[in-house]
Amino acid sequence: MTGQIDERPSPTATVVYRVRFDECDPAGQLRSSGYLRYAQDVAWIHSERLGYDRAWYAERGIGWLVRGIQLIVLEPSRASDELLITTQVIGYRRVLVRRSADVRATDGRRVAIVLTDYVMIDERGAPARVPAEFSTRFGVPAEPFRPTRVSLPAAPSSAPEVRFAARQHELDPLGHVNHAVYLDWIDEAADPMALEPPRRYRLEYLLPVARATSLVATSWPVATGLAYRLTDDHEREHHRAIVEPGLAGPWMGATGVTEGIDAE
């Protein structure tokens, strides 16, 4: 179906993914970043089915940049598991769109859910207004939402720091580190606390990371889990995150959209 244009508004798209061996960690579980990669891919498939492919965006000089993510991992996924991932646009603001990706096993059990906040940008990288037609074409009314934000306290002086540089294979076609890679970096700092589900991540993307950028990752425990901050050599913040282990049921609503997931 990818690339075919559906003239009817289509609120959702569902795609089946088979978890690959190389996508799993030493414990045999799909890495948390894998859910973000699937969510990104199914979002593009949905967009392409409605005629909004990458060429459409390029012709208009606009595009999407991930601004915030909330990920809940409820159960582990393993190599060869088949996952049914359903995406839909669930919220609009002037320059922002929120998408959900509902991840289920073939027997219907919910495995994970991803909420991604995208900001529309122009060729200069400045925020641009979301086209009015999107609300109709994606079959969803223009409902407001509260963007994902992560507020962190100052790190204690004892907080460990890891210094590293962004590598070539971590870049995507836009020339900066793909948003899913940040979750690999976070899980490296959170291990083994965040290894076993259920767990929740709240991620806020502040500045893109280019190749060879020198980075400093700082992580420390907070009341709800683990705080993570990513800065560069000039002390500019690029990313903030909170990892919360062991929290599950209260977030899930009967409609399939999470309840209370926006709370900081």
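The values are calculated or read from the model by the stated rules, or taken from the named source; none is laboratory data. Keep in mind that this is a model prediction, so the values were computed, not measured. Cβ sites come from the backbone with ideal geometry, for glycine too, and all protein chains shown count toward neighbours. Side chains are part of the model used for accessible areas, which takes the heavy atoms of the whole protein and leaves out ligands, DNA and RNA. Shrake-Rupley method; radii C 1.70, N 1.55, O 1.52, S 1.80 Å.
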task = Can you work out which of the residues in segment 13-37 that are assigned to a strand (DSSP E or B) and open to solvent by 50 Å² or more (accessible area, probe 1.4 Å) is farthest from residue 114 (Cα to Cα)?
result = 18
key: Among (1) out of contact with any helix residue (DSSP H, G or I) (no Cβ under 9 Å at 6 or more places or on another chain); (2) closer than 19 Å to residue 19 by Cβ - the single one residue 85 does not satisfy   = (1)
Odd one out for residue 159, checked against (1) under 19 Å from residue 30 (Cβ atoms); (2) touching a Ser or Thr at 6+ places or on another chain (Cβ under 6 Å); (3) not charged (D, E, K, R) = (1)
request  = Give the residues of segment 31-43 that are closer than 12 Å to residue 85 by Cβ and of a type outside the set (Ser, Thr, Tyr), sorted by residue number.
outcome  = 34, 36, 37, 39, 40, 41, 42, 43
task = Would you check if there is a residue in segment 120-133 being open to solvent by less than 20 Å² (accessible area, probe 1.4 Å), in a loop (DSSP other than H, G, I, E, B) and more than 21 Å from residue 33 (Cβ to Cβ)?
result = yes
note = Residues in segment 146-188 that are more than 22 Å from residue 66 (Cα to Cα) and either open to solvent by less than 50 Å² (accessible area, probe 1.4 Å) or not in a strand (DSSP E or B) (or both) total 8
query = Is it true that residue 42 is open to solvent by less than 30 Å² (accessible area, probe 1.4 Å), modelled with pLDDT of 95 or more and not in a helix (DSSP H, G or I)?
reply = no
note = How many residues of segment 69-96 are open to solvent by 10 Å² or more (accessible area, probe 1.4 Å) and β-branched (Val, Ile, Thr)? The answer is 3
task = Run residue 48 past the list (1) of a type outside the set (A, V, I, L, M); (2) modelled with pLDDT of 95 or more; (3) open to solvent by 20 Å² or more (accessible area, probe 1.4 Å); (4) in a helix (DSSP H, G or I) and report the number of the one that doesn't hold.
result = (2)
